[in-house]
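I have placed the structure first, in the form of structure tokens, so that the comments after it can refer back to it.
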Amino acid sequence: MVLKRTKGYQDIDDNNGSLPSNVTPDLNSINNVMPQEIEMASVSVVPDDTFTVTQAVNALGFGWFQVKLSLWTGLCWMADSMEMTILSILSPALHCDWQISRYQQALTTTVVFLGMMLSSTFWGNLSDRYGRKHALTLCAILLFYYGLLSSIAPSFMWILLLRGLVGFAIGCTPQSVTLYAEFLPTKQRAKCVVLLDCFWALGACFEVTLALVVMPTLGWHWLLALSTGPLLAFAAICPWLPESARYHVASGQTEKALETLEKIAKDNGKPMLLGRLVVDDSMMTPPHRGRFRDLLVPSLRTTSLLLWFIWMACAFCYYGLVLMTTELFETSAILCSDKPVLVQTLDTCAADCKVLQTTDYMDLLWTTLAEFPGIFITIATIERFGRKKTMAVQFIAYAVCCCFLVVCSQKRVFLTVMLFFARGIIAGVFQAAYVYTPEVYPTSLRAVGVGACSAMARLGAMITPYVAQVLLKSSITFSTTIYAVAAILAAIGCLLLPIETKGQELHDSVQQQANARAANK
């Protein structure tokens, strides 16, 4: 006889599924129904015959299911990276083709981040209300469509409009990290989320390599068109994406959550847990999921405000370094020259068309490769020293690297090495933030919490072109000092965060999280 599980939802406070004290079970009738010998080795049993999604995910471990999910969400991350890397290549190309000004170049970048900022909380709310899978599917379709249309834009205004819409769609890609983190066992979560950044680095390297091949012959139109390839692939596999079991439980769809958990058990070759699926503190869960204002409840207010500043500073520093990589080589060569340079010479050079050469693409590729050692350093430190200290130390190291960028050297390799270290460090900070943020918010607010942080990051990214592409032409010292100060302030913000999530489970409700925090004090 097969031992069957009882499916359904039951509050963990509701007697834990136990019988009333005045009712005595008939052991004889139970023995008549069940055989005397049961192969208990074939199942995992929770002592009280109940289990949560967290217990199930931890018991089923990391296996083939998570490997497939890593590849699928990694493809989304790779497509996002390619669209971001295009920004440092598209602006100089438009400057030459359409004679746009330096401020218009910065606007080309800013409009993408504006779309991302305006849409991040929208996508987060959509993910918490209707599921991560549906939001990512819609995002992939829109991103591919507008990315392809922008490749045939006939004028600068059309480019601004279509790239803004591309930015609006990109605002959903952080939700792939939310989906991914909710399927990871506690012990592997930080390491796997940081390793996901390998796909970001691969996307950036692939985009630079593609530009090196395409730009000299076919131009930026074909570069934009060919860069949508990973988006098409991700849109094609979206029907096979699993929906978050945590989302299903939080939204009362326990049957679907059980089906997903059974799929994990099958793919990982592990026995499914017996008993009833429960959710902790269900009565405390807000009736409306995904509300932005719930991020500012007393227990989360300080965390949310500090995280918004940290994410804004992180994006400001990261994208600033990406944009000013090629700009630094040109400007440093002028300002650090032994020959006297008139002020108007610099202005003239800023207005002249300068097509990116092979050396520029190679330098951009080298600095992009720095993200790989940054990933592995973050993995080595984040579980040992915790999320907060890791981010703080990395911000300080980035500020030190920025100070060396003002040193005039006739050797181009010195500047490349400094940019290499700075790029690896700030990439590690970004991934540590992506680990910490989904862990610190409960399931009912996790997607909108990540979305709100992503929106603030885009605000920082909107500002950075005017420092990296405009101010840098006038003063390398002033512009790099701004990045160093922003990193130091962000490091202080990291240390002030009230919650350290190292080794903690993902929580399903605000009340459960508050109880866990009080217990750890």
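Here's the yes/no breakdown for (1) surrounded by 21 or more Cβ atoms within 10 Å (Cβ to Cβ); (2) under 20 Å from the mean Cα position of the chain (by Cα):
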| site | (1), (2) |
| --- | --- |
| Leu138 | no, yes |
| Pro154 | no, no |
| Met157 | no, no |
| Glu182 | yes, yes |
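Out of curiosity, is Thr178 out of contact with any Phe, Trp or Tyr (no Cβ under 6 Å at 6 or more places or on another chain), farther than 27 Å from Cys96 by Cβ, open to solvent by less than 10 Å² (accessible area, probe 1.4 Å) and among the β-branched types (Val, Ile, Thr)?
Values: out of contact with any Phe, Trp or Tyr (no Cβ under 6 Å at 6 or more places or on another chain): yes; farther than 27 Å from Cys96 by Cβ: yes; open to solvent by less than 10 Å² (accessible area, probe 1.4 Å): yes; among the β-branched types (Val, Ile, Thr): yes.
Here the answer is yes, as Thr178 does meet what is asked.
Can you name the helices (runs of 4 or more DSSP H) wholly within the stretch 277-384 that have at least 1 residues being modelled with pLDDT of 70 or more and surrounded by 16 or more Cβ atoms within 10 Å (Cβ to Cβ)?
301-335, 358-369
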ask   = Restricting attention to the stretch 184-225, which residues are buried (at least 18 other Cβ atoms within 10 Å of the Cβ) and among the charged types (D, E, K, R)?
value = Arg189, Asp197, Glu207
task = Collect the residues in the stretch 238-262 that are touching a residue at least 60 places away in the same chain (Cβ under 8 Å) and over 18 Å from Leu136 (Cβ atoms), keeping them in residue-number order.
result = Val249, Gly252, Thr254, Glu255, Ala257, Leu258, Leu261
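Per-residue answers, yes or no, for (1) in contact with an Asp or Glu (Cβ under 9 Å, 6 or more places away or on another chain); (2) at negative phi; (3) free of Cβ contacts under 8 Å to residues at least 60 places away in the same chain:
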| residue | (1), (2), (3) |
| --- | --- |
| Asp80 | no, yes, no |
| Glu83 | yes, yes, no |
| Ile86 | yes, yes, no |
| Leu90 | no, yes, no |
| Trp98 | no, yes, yes |
| Thr110 | no, yes, no |
| Asp128 | no, yes, no |
| Leu136 | no, yes, no |
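From the list Ser475, Ser444, Ser454, exactly one residue is among the hydroxyl-bearing types (Ser, Thr, Tyr) and free of Cβ contacts under 8 Å to residues at least 12 places away in the same chain. Which is it?
That would be Ser475, the only listed residue that is among the hydroxyl-bearing types (Ser, Thr, Tyr) and free of Cβ contacts under 8 Å to residues at least 12 places away in the same chain.
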Selection within the stretch 229-247 - more than 18 Å from Leu149 (Cα to Cα) and touching a Gly at 6+ places or on another chain (Cβ under 8 Å) = Glu243, Ser244, Tyr247
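Mind checking whether some residue in the stretch 389-396 is surrounded by 15 or more Cβ atoms within 10 Å (Cβ to Cβ) and over 18 Å from Cys317 (Cα atoms)? Spell out the reasoning first.
Keep residues of the stretch 389-396 that are surrounded by 15 or more Cβ atoms within 10 Å (Cβ to Cβ), which gives 389-396.
Retained after the next criterion (residues that are over 18 Å from Cys317 (Cα atoms)): 389.
Yes, because at least one residue in the stretch 389-396 is surrounded by 15 or more Cβ atoms within 10 Å (Cβ to Cβ) and over 18 Å from Cys317 (Cα atoms).
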query = List pairs: first in the stretch 458-472 and more than 26 Å from Cys172 (Cβ to Cβ), second open to solvent by 10 Å² or more (accessible area, probe 1.4 Å) and modelled with pLDDT of 85 or more, Cβ under 7 Å, 6+ apart or cross-chain?
reply = Val467/Ile482; Leu471/Phe478
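The values are calculated or read from the model by the stated rules, or taken from the named source; none is laboratory data. Here the structure is a predicted model, which means the values were calculated and not measured. Note that we place each Cβ from the backbone using ideal geometry, even for glycine, and neighbour counts take in every protein chain shown. Side chains included, ligands, DNA and RNA excluded: accessible areas come from the protein's heavy atoms. Shrake-Rupley method; radii C 1.70, N 1.55, O 1.52, S 1.80 Å.
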